[in-house]
Structures are given as C-alpha cells and as structure tokens.
Amino acid sequence: MDAIRDMDGPPNELARPAGPLQDASTIFYPRLEALRGVAALTVAAFHSWQSIWIDAGEGRRNFLSADGTVGWVEQFGTGLLRVFGNGHGAVMLFFVISGFVLCGSLARGPQDFYAAAMRFLPARLFRIYPAIFATIGIFAVLYWTTGVLLGPADAYGPFGLLRNALLLETSIDGVMWSLQIELIAVPLILLAFLGSVRWGLILAVMLFLVLAALSFSGAWNRAIGGSGMLGTIHAFIPGMIAFWIGHRLVERCPVRLAPALFLALLVGFVASRPVLGWTSNWSPLAEAAFGAAIVAFLAFSPVGAAGRVFDLGVVRFFGRVSYSFYLLHPLSLMIMWNIPETLGAIIRSGVPAFVVAPGLFVLSTAAIAPLAWVMFQCVERPGVAAGRALAKHLAAYVRKE
C-alpha cells in the first residue's frame, strides 16, 4: 500500500519508463492510485457482506452465501456480490501495484546494494508503520472508552498492543495480515530488483516461478499464520515485471485495440476465482497475471472509456486515502457484525439481501471516508515526508563514507 508518487528518473534501459524522464516530484501514475482505491473499496465491501443476518428459519446467514431454498434471483444476486466483493483478489491487486511502484522507486535510485538499501528501507518503514501505529491507537482508545472491540480482549493489553503495532500479530485489525506480507516483501523486492539489474529479467521470472510453486504448499502458506497468507507473496514479482517490460508490450498493441484488450483483462481478473475455484491455488496466480497486465495498460496506454473511470474525482479520492481507508474500515464492522437480528428483520420484511448488502457497504464507506482523509493528511503524509528525509540523510552519509 505504498506511495505511488515515490519515483524519479531511471538509471538504465531495463527500467526505462514510457515517455520522457521527469523530476521525482512530477512523475505520477494517477490511474494506478485510483485502482488502489477501487481495490480498497472492494475489500471493504467483502468484509461488510460477511455480516451475519437471521433468516426466517432462525438460521445464521451472510450476504456472500445462499442456500438451495432461495430463488434464482437471490442466487444470482449473491453470486454478483461474491464476484464484485472479491476481497482476496483485491489484496492480490494491492501486491501487484506495490511491486510495480516499488520497482519504479528502486530503478530511480542508486544501484549498489548498500546505498539502495539505505534509500529504500527507511522510506518503506515510514510508509507502512505510522498509519499502523495510529490505527492501533484508535482501536485501543475506542475499546478503553466504550468497551467495544474487534479481536480478543487480551490483545488490548500493553504487550498485545505492542505486538499488533509492530505487525508481529494482527489480532486487533485483521486486515493488517496483508501489511505483514508487504513488510516481508521489502527485502524480497530489493534483492529481486538488484539481482535482475545485474543478471537480467530471468532472475525475476525464476523467482516468481519458485514462489508460485511454493504457494501450493500448505506449510509455506501457513508459515506466518492463517492459511494462504504467505502464499500470496509471489504477486509482487509480476508487478515488478510489468514495470520493466510493460510499456514495451503495450506499445506493440494497436491503439484501437487497447480498450477492448483492457476490458478483456478486467473480465479475466474478475472471472479468475469463479472459474478456477474460490479456494483454488491457481486463482491467485491468475489474478496476479491479469493484475500485472491491467496495471501495465493503466500506466502506459490509453484504454478508452474504461480508463476514464479511474479519472473520476470520487475514485481518485479513495485512491489517495486507500491505505488509511483499508486500515480503518473494520471500525464499521464493530456495528455491522453485531446486528444480525436487525439485518434479519429488514430482509424478512421483504427487502432482498442483495439490496441490503450494497446499502451496508455505502453506509460503511460514508462513515469511514472522513476519518481516512484525516489520517491521510495528519499521519500518512508526514510519515512519508519523514521517511524521505531520513533516506536522504542516510544517502548523504553513505556518499561521505
């Protein structure tokens, strides 16, 4: 969930971007930022639609499941919610975008390991951790003042809060598991980039194949906790490859065909899990591949009307605040996940579940968006600035040495 503005001019042909070189403060991929916002909203929808409601038979249901007793309309509506509330696919897209952006950041810096690490690592840590500290603080204050909590009560003790703030566990804000993966991926991305600069793109391809193969291992997937978590780390590598060669591939596509091909890629991404299986190990691989192609097209090609969706002001807004929004949206779950009788009463009164579900998502989004904007302004931006200042200071120190 990194800053998409963190880019400056490339040192070599391997990382040559499309278009003229620009100053670091002006190079920016606005549509990729907007795409990140769409992904964050998808995750929020996925979690809000996991809310439980009580059906007429006193059974407990959520909006992403439908039993055989409902009609085809309800079945179809539930299917649409599952497809467009694919939170797991959205996280894969986060990782692909991160790989693209972080590869760009590294490409525009020093190429020797020590200098690159001194520039890259502090900036990355200051990008990730300030918003996490603030989020854990908000959850803790809310618990101390109201008694409302997500996760076990013992997580709100001193050591539990510290472990959550440091990403050693994610028992308070469950979405932070993906930030654990982002943190683990930092040295992976650094080494993959420097190795590929030295030995060529084949290194990144081989690394992706190894990580993809490991994603089929249950022991690897559970190495840091829940099933499937570490198995998603391969998604950063296609994003890096998209940065390196995406512009060359996109340039070979006739301009008149780009919109249709882009739409086909979007359909492929959305259809990956329904076609390959919601829990299949092949689905994340397909999403990573389609996601890398989507990112390359949005970054380097005009894609017609579909691309203009990512220029809308509201989409751009959620792109800017996507990291804070992603971290804070579980606050709304404290309410939505604890009103099963109320939701059941609404649905039993005749309002279809697939109509109630979007309403929950809209209310949740409207409630969290202002808080996300405040955290973006007051925590994220100062944190990014501090990380860049520290990286610049360390780079100067390295040059003196």
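What follows is calculated from the coordinates using simple rules that are stated; it is not laboratory data. Predicted, not measured: the structure shown is a model, and the values here were computed from it. FYI the Cβ positions are ideal-geometry reconstructions off the backbone, even for glycines, and counts take in every protein chain you see.
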* Asked: Under a point-charge model restricted to the Cβ atoms of Lys and Arg (+1) and Asp and Glu (-1), what is the dipole moment magnitude of the stretch 231-317 relative to its Cα centre, in debye to the nearest 20?
  -> 140
* Kindly write out, for the stretch 269-285 in residue order, the coupling ³J(HN,Hα) from the Karplus curve 6.51 cos²θ - 1.76 cosθ + 1.60 (θ = phi - 60°), rounded to whole Hz, with x marking Gly and Pro. => 5, 5, 7, 4, 6, x, 7, 7, x, 5, 10, 5, 5, 6, 4, x, 5
* To do: Determine, for Trp282, Trp53, the number of other Cβ atoms within 10 Å of each Cβ, and report the residues in order from fewest to most.
  => Trp282, Trp53
* Charge dipole magnitude, Cβ of K and R +1, D and E -1 - the chain, Cα centre, debye nearest 20 -> 880
* the stretch 300-401 - Rg and Dmax from Cα coordinates, angstrom -> 20.8, 73
* Rounded to two decimals, what is Rg over Rh for the chain when you use alpha-carbon atoms and the Kirkwood radius? -> 0.97
* Asked: Sorted by packing (mean other beta-carbon atoms within 10 Å per residue), highest first, where do 318-325, 361-368 land?
  -> 318-325, 361-368
* Structure fact -> At the level of C-alpha centres, the distance separating the stretch 321-380 and the stretch 99-143, in angstrom, is 28
* **Rg over Rh, two decimals, the stretch 200-278 (C-alpha only, Kirkwood Rh)** => 1.06
* Structure fact -> Most packed first (mean Cβ within 10 Å per residue), the peptides 148-154, 342-348 order as 342-348, 148-154
* Structure fact -> Listing His329, His88 by rising number of other beta-carbon atoms within 10 angstrom, fewest first, gives His88, His329
* To do: Note down, for the stretch 167-222, the three equivalent ellipsoid semi-axes (square root of 5 times each alpha carbon gyration tensor eigenvalue), biggest first, whole angstrom.
  => 26, 15, 6
